[in-house]
Ligand code: DX5
Ligand code: ZN
């Protein structure tokens with residue numbers, strides 16, 4: 001199981017330190033949540049933040065684009081230093097073209113599906129992507145409750161990936177903590193995004209990550 005700390009929950013006044021803490025504690029990658037106030041009802045960060053984080057870590061940076069027009073931002077985030085660009089199935093009528101654009105930029109491509117979107121929409125795009133991100137909350141905010149009905153879908157995505165017999169991460173995002181982590185791992189996820197379970201006032205980043213990792 002690999003952990004992708006989401007900096008949405010980080011203390012932005014100490015962002016560099018928090019990313020360094022996550023790297024030292026064994027994070028696999030850093031997850032950057034981008035929101036445009038249109039695709040989701042919230043605003044977050046842009047390429048400038050990716051550029052800053054790029055300077056303080058060697059970890060891969062994955063950018064989760066919760067925006068209505070992902071094509072308009074691919075280049076900016078690639079130039080800022082993103083290694084993966086994750087686009088929502090729901091945000092794009094031309095997903096195949098967007099995925100090809102991400103590949104042409106030399107980046108890993110990922111497709112994200114919302115809680116109400118079935119795994120079956122991935123069927124014709126799975127061969128072209130390196131990551132599938134299954135939303136386990138409705139996108140837009142951190143600190144939300146895990147939606148348990150997404151568990152069978154994680155299993156379906158895992159089976160689809162295994163059937164294709166190719167390396168493709170099955171990643172989950174939202175409401176992941178020490179209680180839900182074992183459930184999503186059992187269901188077939190191999191990368192867990194976690195925001196508030198890693199960056200919080202209760203424990204330091206290393207202790208929080210250790211607790212999550214041992215929850216397997
Ligand atoms: C939600 C974001 C998540 C968020 C997860 O829209 O995509 O990455 O940061 O936060 P937690 O782990 O607090 O649910
Ligand atoms: Zn995310």
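The values are calculated or read from the model by the stated rules, or taken from the named source; none is laboratory data. This is a predicted model, so every value here is computed, not measured. Cβ placement follows ideal geometry from the backbone for every residue including glycine, while neighbour counts extend to all protein chains displayed.
Computed values, structure above
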{"read-out": "Test: residue in segment 118-141 that is in contact with a strand residue (DSSP E or B) (Cβ under 9 Å, 6 or more places away or on another chain), surrounded by 16 or more Cβ atoms within 10 Å (Cβ to Cβ) and modelled with pLDDT under 95", "value": "no"}
{"read-out": "Test: residue 184 is in a strand (DSSP E or B) and buried (at least 21 other Cβ atoms within 10 Å of the Cβ)", "value": "no"}
{"read-out": "Residue under evaluation residue 58, criteria (1) in contact with a helix residue (DSSP H, G or I) (Cβ under 9 Å, 6 or more places away or on another chain); (2) free of Cβ contacts under 8 Å to residues at least 60 places away in the same chain; (3) farther than 21 Å from residue 139 by Cβ; (4) assigned to a helix (DSSP H, G or I), criterion not met", "value": "(4)"}
{"read-out": "Those residues of segment 28-55 which are out of contact with any helix residue (DSSP H, G or I) (no Cβ under 7 Å at 6 or more places or on another chain) and in a loop (DSSP other than H, G, I, E, B), in sequence order", "value": "28, 29, 37, 38, 40, 41, 42, 45, 46"}
{"read-out": "Enumeration of residues in segment 1-27 that are near ligand 1 (Cβ under 10 Å from one of its atoms), closer than 25 Å to residue 75 by Cβ and in a helix (DSSP H, G or I)", "value": "7, 8"}
{"read-out": "Among the residues listed as 82, 68, the single one being over 25 Å from residue 197 (Cα atoms) and not in a strand (DSSP E or B)", "value": "68"}
{"read-out": "Sole exception among (1) in a loop (DSSP other than H, G, I, E, B); (2) more than 25 Å from residue 44 (Cβ to Cβ) for residue 146, by number", "value": "(2)"}
{"read-out": "Selected residue [in contact with a strand residue (DSSP E or B) (Cβ under 9 Å, 6 or more places away or on another chain) and within 25 Å of residue 178 (Cβ to Cβ)] from 47, 60", "value": "60"}
{"read-out": "Residue check, residue 87 crowded, with 18+ Cβ neighbours inside 10 Å, within 11 Å of ligand 1 (Cβ to nearest atom) and not in a helix (DSSP H, G or I)", "value": "no"}
{"read-out": "Among (1) at pLDDT below 95; (2) part of a strand (DSSP E or B) - the single one residue 167 does not satisfy", "value": "(2)"}
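To keep it simple, each residue is scored yes or no on (1) under 24 Å from residue 71 (Cβ atoms); (2) in a helix (DSSP H, G or I); (3) in contact (Cβ under 8 Å) with a residue 60 or more places away in the chain; (4) more than 16 Å from ligand 2 (Cβ to nearest atom).
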position	(1), (2), (3), (4)
93	yes, no, no, yes
103	yes, yes, no, yes
106	yes, no, no, yes
112	yes, no, yes, no
139	yes, no, yes, no
142	no, no, yes, no
150	no, yes, no, no
156	no, yes, no, yes
162	no, yes, no, yes
